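These notes are about the structure you will find just below.
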Protein chains: 2
Amino acid sequence: MESFFTFLEKRVDDCSSLLCVGLDPHIPDLKEPTAASARDFCLDLVKQTARYAAAFKPNAAFFEVFGAEGWTALKQVVDAIHEESARMGSKIPIVLDAKRGDIASTAEAYAQAAFETLGVDCITLSPYLGKDSIDPFIKDSEKGIFLLCKTSNPGSGDLQDVSIAGTDDRPPLPLYEYVAQLAAQWNTKNNIGLVVGATHIEATKRVRAAAPDMWFLAPGVGAQGGELEAAMKAGLRKDGKGMLIPISRGISRAASPAKAAAELRDQMLNIRHEISK
Amino acid sequence: MESFFTFLEKRVDDCSSLLCVGLDPHIPDLKEPTAASARDFCLDLVKQTARYAAAFKPNAAFFEVFGAEGWTALKQVVDAIHEESARMGSKIPIVLDAKRGDIASTAEAYAQAAFETLGVDCITLSPYLGKDSIDPFIKDSEKGIFLLCKTSNPGSGDLQDVSIAGTDDRPPLPLYEYVAQLAAQWNTKNNIGLVVGATHIEATKRVRAAAPDMWFLAPGVGAQGGELEAAMKAGLRKDGKGMLIPISRGISRAASPAKAAAELRDQMLNIRHEISK
């Protein structure tokens with residue numbers, strides 16, 4: 001049985017891409033403020049960008065806002081990605097950006113909702129409730145998680161940057177780095193990754209040092225102001241992989257999303273070659 | 001315009017209760033593993049316990065597991081609580097237990113999903129992403145949040161108990177207490193409360209000291225082993241309020257949920273009187 005990150009790396013090799021296409025149907029970007037319009041917005045993006053996508057990342061919030069109809073739309077988008085994968089003969093992982101986090105039997109219900117009912121391969125989770133809140137999502141190594149570590153937003157410092165007191169064994173360190181250390185210990189099945197905002201270069205370096213082998217989901221390039229090259233230099237693993245870079249509005253708002261995705265894919269490839277020289 | 005906690009306190013006075021009835025349609029407790037059965041399970045609980053409920057707390061996970069149909073069921077349950085409130089002439093607050101937490105425009109979509117699309121009054125949120133992830137939920141003082149502080153699960157210590165380094169102004173303290181201090185500062189509109197597990201008596205005392213006026217949502221009584229009396233002694237405010245105590249299985253699995261809710265309400269009242277003597 002392969003692990004989630006083995007599966008992701010296979011896809012990364014198949015399409016020579018580190019690009020994760022974000023499916024965020026913001027209401028102002030839709031033709032109409034309806035679930036059907038959100039679905040069509042995403043279906044068009046999937047069709048245009050599948051060739052260049054190492055993964056797709058729908059964000060649950062933009063579907064939930066339409067209630068039950070939004071969940072129907074989300075399911076249709078997930079199904080369409082599976083169909084596109086089958087057509088291309090290369091399976092594209094789907095990361096549900098949901099940032100869930102709850103205890104025991106509740107976490108099990110969320111895991112079932114994501115992996116079985118909806119049929120995605122990976123989900124973003126909050127670490128705040130601790131290891132037992134994560135266990136139901138990682139028991140099957142084929143399913144993966146990205147754990148929030150250092151997020152891309154301005155307020156991320158409120159908690160994530162607070163300094164954890166040192167012990168006999170280690171110096172003081174920011175909370176996000178402690179989360180990275182914990183996640184590296186917990187990652188015994190190669191199915192835990194970390195969310196590390198591309199807007200924070202120093203933090204990306206520290207997290208890479210704390211977790212040399214783990215995959216990062218690095219949001220914040222483009223709309224949020226993160227610089228692609230600096231982020232990739234700070235976060236890529238020695239093998240030139242280990243970073244999945246989600247772009248949403250930079251693709252969906254382009255005149256041609258297909259062209260934008262192709263260019264971003266190539267830009268990332270060039271930086272990767274440049275770095276590995 | 002009244003604040004969320006003014007509204008909650010009105011209801012607490014109306015029904016002389018600190019009991020929050022949890023609506024957690026676990027699949028093993030249902031007649032059939034369907035969304036319709038989850039809905040019926042909750043509608044029966046609402047009907048039987050509304051008289052004694054200071055609030056209702058549906059947990060999103062147990063609905064999400066049924067996909068779009070689950071969201072339809074959740075909406076029907078919320079609507080039924082509104083109808084029951086109108087019938088009784090006393091509005092019962094609805095707390096959506098969803099533990100969301102995301103950035104900027106995404107947080108706005110989640111807030112809209114909960115407060116507008118679904119029509120609940122309050123939501124549980126994770127603090128990990130910081131103040132800006134919370135802002136969209138608290139801008140309207142009539143809508144409230146309970147921020148995760150010290151959760152009831154065994155793994156809560158992994159992050160919440162880590163010691164934050166001291167500064168010139170304050171000694172080292174556990175992360176959950178730091179979260180309580182931040183939340184107390186952020187609570188300028190009387191619409192932020194804290195989730196503090198009834199399973200952690202010492203932590204409850206510390207959080208009460210850090211946030212003397214705030215409301216706690218204190219899960220863990222019953223199924224999770226928390227002791228009601230000790231928790232209430234540690235967490236009640238001086239005015240005998242400030243704690244909303246959610247019970248789910250202790251009511252739903254009783255031979256008569258109505259009787260169980262009445263007894264729990266009375267038990268809490270007695271402890272409250274005992275303490276205020």
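Could you tell me what % of all Cα pairs in chain B have separations over 27 Å?
Numbers: 13442 of 38226 pairs.
Of all Cα-Cα distances in chain B, 35 percent exceed 27 Å.
Between the amide H of B:C122 and those of B:I94, B:L96, B:G144, distances stay under 5 Å, these residues lying 5 or more places away or on another chain, with hydrogens modeled in the peptide plane.
Over all residues in A:175-183, what is the mean tally of Cβ atoms on other chains that come within 10 Å of each residue's Cβ? Please list the in-between numbers first.
Numbers: counts 6, 1, 0, 4, 4, 0, 0, 3, 0.
Mean number of neighbouring Cβ atoms from other chains: 2.
Farthest toward the positive end of the dipole of the protein assembly as shown, out of B:C42, B:I123, A:P172, is the Cα of A:P172, where the dipole comes from beta carbon charges about the Cα centre.
Once you reduce segment A:86-108 and segment B:172-222 to the center of their Cα atoms, the two points are 32 Å from each other. Proximity of backbone amide H atoms, modeled 1.01 Å from N, is registered between B:L194 and B:L147, B:W215, B:F216, B:L217 at under 5 Å, excluding neighbours fewer than 5 places apart on the same chain.
Cα centroids of segment B:237-277 and segment A:9-24: 52 Å apart. Between B:E32 and A:E83, the modelled labels are 2.9 nm apart [label points 7 Å from Cα along Cα→Cβ]. With label points defined 7 Å past Cα in the direction of Cβ, position A:R272 shows copy-to-copy spacings of 6.1 nm, given to one decimal and shortest first. When B:D44 is represented by a point 7 angstrom out along its Cα-to-C-beta vector, the spacings to that point in the other copies are 4.8 nm, nearest first.
Mind checking A:141-153 for the average number of partner chain beta-carbons within 10 Å of each residue's beta-carbon? Mind showing how you got there, number by number?
Numbers: counts 0, 0, 0, 0, 0, 0, 0, 5, 1, 0, 7, 3, 10.
The per-residue average across the peptide is 2.
For the pairs B:K75/B:K189; A:K47/A:K91; A:K99/B:K75, note any where the Cα-Cα span goes beyond 20 Å.
Details: B:K75/B:K189 28 Å; A:K47/A:K91 14 Å; A:K99/B:K75 22 Å.
Beyond 20 Å between Cα atoms: B:K75/B:K189; A:K99/B:K75.
The angle between the Cα long axis of helix A:35-49 and the longest principal axis of the Cα atoms of chain A comes to about 80 degrees, rounded to the nearest 10.
Taking amide H as placed 1.01 Å from N in the peptide plane, A:G22 has its amide H under 5 Å from the amide H of A:K57, A:I247, A:S248, each at least 5 places away in sequence or on another chain. Carbon and sulfur: what percent of segment A:4-276's accessible surface (1.4 Å probe)? Of all accessible area on segment A:4-276, carbon and sulfur atoms account for 48 percent. Once both labels are positioned 7 Å from their Cα atoms along Cα-to-Cβ, the gap between A:D213 and B:K139 label points is 4.5 nm. Based on protein heavy atoms only, chain A ends up with 37 Å² per residue of surface accessible to a 1.4 Å probe.
Relative contact order of segment B:81-192: what whole-number percent is it, with Cα pairs under 8 angstrom and at least 6 residues apart? Answer for segment B:81-192 is 21 percent.
Rounded to the nearest 20 debye, the dipole size of segment B:137-277 about its Cα centre is 400 debye, using +1 on the Cβ of Lys and Arg and -1 on the Cβ of Asp and Glu. When you count the other C-beta atoms within 10 angstrom of each residue and take the mean per peptide, B:58-68, B:112-122 line up highest first as B:58-68, B:112-122.
In summary, the aspartates and glutamates within cross-link reach of B:K31, defined as a Cα separation below 19 angstrom excluding same-chain residues under 8 places away, comprise B:D40, B:D44, B:E64, B:E69. Each Cα pair under 8 Å and six or more residues apart adds its sequence gap; the mean of these over the residue count of segment B:4-276 is a relative contact order of 19 percent.
Our coupling estimate for segment A:233-247, obtained by passing each phi through the Karplus curve with A = 6.51, B = -1.76, C = 1.60 and θ = phi - 60°, is 4, 6, x, 5, 6, 4, 7, x, 10, x, 9, 10, 10, x, 10 Hz, Gly and Pro reported as x. As a length-normalised measure over Cα pairs under 8 Å and 6 or more apart, the relative contact order of segment A:36-136 settles at 27 percent. Relative to the dominant Cα principal axis of chain A, helix A:257-276 is inclined by about 30°.
The phi torsions of segment A:56-64, fed into the Karplus equation with coefficients 6.51, -1.76 and 1.60 and a -60° offset, translate into couplings of 10, 9, x, 9, 4, 4, 6, 9, 4 Hz, rounded to whole numbers, with Gly and Pro shown as x.
Averaging 1/r over every pair of different alpha carbons in segment B:1-89 and inverting the result gives a Kirkwood radius of 13.6 Å. Here the dipole of chain A is about 660 debye; that uses its Cα centre as origin and unit charges on the Cβ of Lys and Arg (positive) and Asp and Glu (negative).
Taking the highest mean first, how do the peptides B:234-245, B:96-107, B:6-17 order by number of other beta carbon atoms within 10 angstrom per residue?
Numbers: B:234-245: 19.7, B:96-107: 24.1, B:6-17: 17.8.
Packing order, densest peptide first, comes out as B:96-107, B:234-245, B:6-17.
A:P219 sits among other residues whose Cβ lies under 10 Å from its own Cβ, and their net charge, with Lys and Arg +1 and Asp and Glu -1, is 0. Simple rule: put +1 on each Lys or Arg Cβ and -1 on each Asp or Glu Cβ in chain B, find the dipole, and look at B:G157, B:I271, B:F5; the Cα lying farthest toward the positive end is B:I271.
With both labels modelled 7 Å from their Cα along Cα-to-Cβ, the A:E2 to A:E227 distance reads 3.6 nm. Per residue, chain B reaches -13500 deg cm²/dmol at 222 nm when only DSSP H runs of four or more residues are counted, each adding -39500 (n - 2.57).
Straight Cα distances below 16 angstrom link A:K233 to the lysines A:K205, A:K241, A:K277, with same-chain residues fewer than 8 positions distant left out.
At a probe radius of 1.4 Å, figure out the B/A buried accessible area, summed over both chains, and give it in Å² to the nearest 100.
Working: alone 12390 and 12410 Å², together 20350 Å².
Summed over both sides, the interface buries about 4400 Å².
Basic side chains Lys and Arg get +1 at the Cβ, acidic Asp and Glu get -1 at the Cβ, and with that the dipole of the protein assembly as shown about its Cα centre reaches some 320 debye.
Sequence-ordered 3J(HN,Hα) estimates for segment A:157-171 from the Karplus curve with 6.51, -1.76 and 1.60 and θ = phi - 60° stand at x, 3, 10, 5, 9, 5, 8, 7, 4, x, 10, 4, 8, 8, x Hz, glycine and proline given as x.
Largest GNM mean-square fluctuation among A:Y176, A:Y52, A:Y128, using chain A with Cα springs under 10 Å: A:Y128.
Mean per-residue shielding of peptide A:26-37 is 1, counting Cβ atoms of other chains within 10 Å of each Cβ.
The values are calculated or read from the model by the stated rules, or taken from the named source; none is laboratory data. Source: prediction; values computed, not measured. FYI the Cβ positions are ideal-geometry reconstructions off the backbone, even for glycines, and counts take in every protein chain you see. Surface areas here come from the heavy atoms of the whole protein model, side chains and all, with no ligands, DNA or RNA. Shrake-Rupley method; radii C 1.70, N 1.55, O 1.52, S 1.80 Å.
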